[in-house]
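The structure follows.
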Amino acid sequence: MRHGETTGGFTKTEGWLDWYDGPSTPAFRVPAGSVDAHCHVFGPGAQFPYAPERKYTPCDASAEQLFALRDHLGFQRNVIVQATCHGADNRALVDALRRSEGRARGVATVRRDVTPDELAALHEAGVRGVRFNFVKRLVDRVPTDSLHEIVEKITPLGWHVVIYFEANDLPDLYDFFAGIPTPVVVDHMGRPDVTQDPDGPAFGQFLQLMRDKPEVWCKVTCPERLSTTGPRALDGERNAYTDVVPFARRVVDEFGDRVLWGTDWPHRNLKSHMPDDGLLVDVIPHIATTPDAQQRLLVDIGDTGTYIARYDDLVNGKEEPIDVSHVDVSMNGIELQDREFVAAIREGREPNSSFRRVIDCYRVLGQLEEQLGR
């Protein structure tokens, strides 16, 4: 399949750019075990037709192309989010999950009449959440009572809810979001107006949502969509989107254990420019400025909260969610750091800073073993 091609007899939406072909190699090296926590697959249209109700038609972006980008950028895992151009037909998503060889999990789109058997099949394929999209230019608004029904159906599976909305819509949706009983993940920081003050009242309401609901997570993603002044992640620019950085850093600084990062590849619906994904990775150290913050943003997302705890089986093969709400680091985190320690010894370097965070957990486990042995 050629770059920029749309197969299956579909015609690309005019004026929207194709994803960047031949991304640069990032100067920033992501830590071992890093997750690209927001990306998509489109089609291919000949195999997985685009939905009749779609608001746009993209060029194809296959699972193989996504995984090639993952490896090029240095990531080990993906969370693949159902694209609106496929509606509630999750076949392309499921195919990508199966092709990932256990290195990806998914977020699906489902309707209120979804059956338990359909949800079970999605879960078996690797889906661990559903996405509610409130962006009017992308989807038709769904009544919240329908969404409540969906939440009731997914809750027994231990899934989470991803929400995508515009900042101007948050006041009307705040109570609904705060009332969702599952973990909630906000796409792209709620799309703030980056011409305003990150400490101002508009972004402050979003930050208050994160304070009010401890199970709200935030993706500090998509600066290419939010930026008004750039500079753009093109032509070797490794300090891109400086007008967005203060907003992302504001979230990372206060909620460092509840943040995620992703490429948003293949960047649908962009008209002004298409970012070089390698240069997007180089934005990371500007928003997470220390090795510890980078580790928590990219790797330890499975260790301390309830969101990627739903993805523990992505790392260690377990099929059931692990309750890590009562400890600082989960068994998943310990296993990851075991691997990091062995890798560091083999490579002749010091283990990364997060290794120290599991020492206390080893002590607690030892005490438990002693108690059980008495």
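Give the residue, chosen from T263, T289, that is β-branched (V, I, T), open to solvent by less than 10 Å² (accessible area, probe 1.4 Å) and either closer than 20 Å to D60 by Cβ or in contact (Cβ under 8 Å) with a residue 40 or more places away in the chain (or both). Quick ask: steps written out before the conclusion?
Working: T289 fails: open to solvent by less than 10 Å² (accessible area, probe 1.4 Å).
Just one listed residue meets the conditions, T263.
In addition: Of everything in segment 115-125 that's open to solvent by 100 Å² or more (accessible area, probe 1.4 Å) and among the charged types (D, E, K, R), which residue is farthest from V35 (Cα to Cα)?
D117
From the set of residues in segment 60-72 that are open to solvent by less than 10 Å² (accessible area, probe 1.4 Å) and of a type outside the set (G, A, S), which is farthest from the chain's Cα centre (by Cα)?
My answer is D60.
Continuing with the same structure: Pairs please, first residue from segment 158-171 and in contact (Cβ under 8 Å) with a residue 60 or more places away in the chain, second anywhere and open to solvent by 10 Å² or more (accessible area, probe 1.4 Å) and in a helix (DSSP H, G or I), Cβ atoms under 8 Å, 6+ apart in sequence or on different chains.
G158/R310; W159/H123; W159/R310; H160/R310
Taking the condition of being closer than 15 Å to I284 by Cα and open to solvent by 70 Å² or more (accessible area, probe 1.4 Å), how many residues in segment 228-238 meet it?
Residues meeting the conditions: 2.
Residue by residue through segment 158-194, note down the ones that are open to solvent by 50 Å² or more (accessible area, probe 1.4 Å) and either closer than 17 Å to R249 by Cβ or in contact with a helix residue (DSSP H, G or I) (Cβ under 6 Å, 6 or more places away or on another chain) (or both).
D193
Which pairs turn up if I take residues in segment 104-117 that are within 9 Å of K153 (Cβ to Cβ) and look for partners that are assigned to a helix (DSSP H, G or I) and of a type in the set (G, A, S) with beta carbon separation below 7 Å, at least 6 apart in sequence or on another chain?
Sorted first by the residue in segment 104-117, then by its partner, the pairs are R112/S146.
Please find, within segment 195-204, the residue that is least open to solvent (accessible area, probe 1.4 Å) out of those that are assigned to a loop (DSSP other than H, G, I, E, B) and touching a helix residue (DSSP H, G or I) at 6+ places or on another chain (Cβ under 9 Å).
Within segment 195-204, the match that is least open to solvent (accessible area, probe 1.4 Å) is P198.
Sticking with this one: Is it true that D264 is of a type in the set (D, E), touching a Cys at 6+ places or on another chain (Cβ under 6 Å) and modelled with pLDDT of 95 or more?
When the stated conditions are applied, D264 passes them.
Which ones in segment 19-46 are open to solvent by 50 Å² or more (accessible area, probe 1.4 Å) and within 25 Å of the chain's Cα centre (by Cα)?
Passing the criteria: Y20, D21, G22, T25, A27, R29, A32.
Condition check ((1) under 19 Å from M210 (Cα atoms); (2) open to solvent by less than 10 Å² (accessible area, probe 1.4 Å); (3) at pLDDT 95 or above) across all residues:
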site: A248; (1), (2), (3): yes, yes, yes
site: R258; (1), (2), (3): yes, no, no
site: L280; (1), (2), (3): no, yes, yes
site: I284; (1), (2), (3): no, yes, yes
site: G302; (1), (2), (3): yes, yes, no
site: R310; (1), (2), (3): no, no, no
site: E320; (1), (2), (3): no, no, no
site: R339; (1), (2), (3): no, no, no
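Further, regarding this structure: Which is buried (at least 17 other Cβ atoms within 10 Å of the Cβ) and among the charged types (D, E, K, R), of R99, R91, R112, R77?
The conditions single out R77.
Give the residues of segment 213-225 that are over 17 Å from the mean Cα position of the chain (by Cα) and modelled with pLDDT of 95 or more, sorted by residue number.
Here is the first cut: in segment 213-225, the residues over 17 Å from the mean Cα position of the chain (by Cα) are 213-214.
Passing the criteria: none in range.
What is the residue count in segment 209-253 for residues that are outside any loop (DSSP other than H, G, I, E, B) and hydroxyl-bearing (S, T, Y)?
0
All but one of (1) surrounded by fewer than 17 Cβ atoms within 10 Å (Cβ to Cβ); (2) at pLDDT below 95 hold for V139; state the number of the condition that does not hold.
Exception for V139: condition (1).
The values are calculated or read from the model by the stated rules, or taken from the named source; none is laboratory data. Note that the structure is predicted; figures quoted are calculated from it, not measured. A quick note on method: Cβ atoms are made from the backbone with ideal geometry, for glycine too, and the neighbour counts reach across all protein chains shown. Side chains are part of the model used for accessible areas, which takes the heavy atoms of the whole protein and leaves out ligands, DNA and RNA. Shrake-Rupley method; radii C 1.70, N 1.55, O 1.52, S 1.80 Å.
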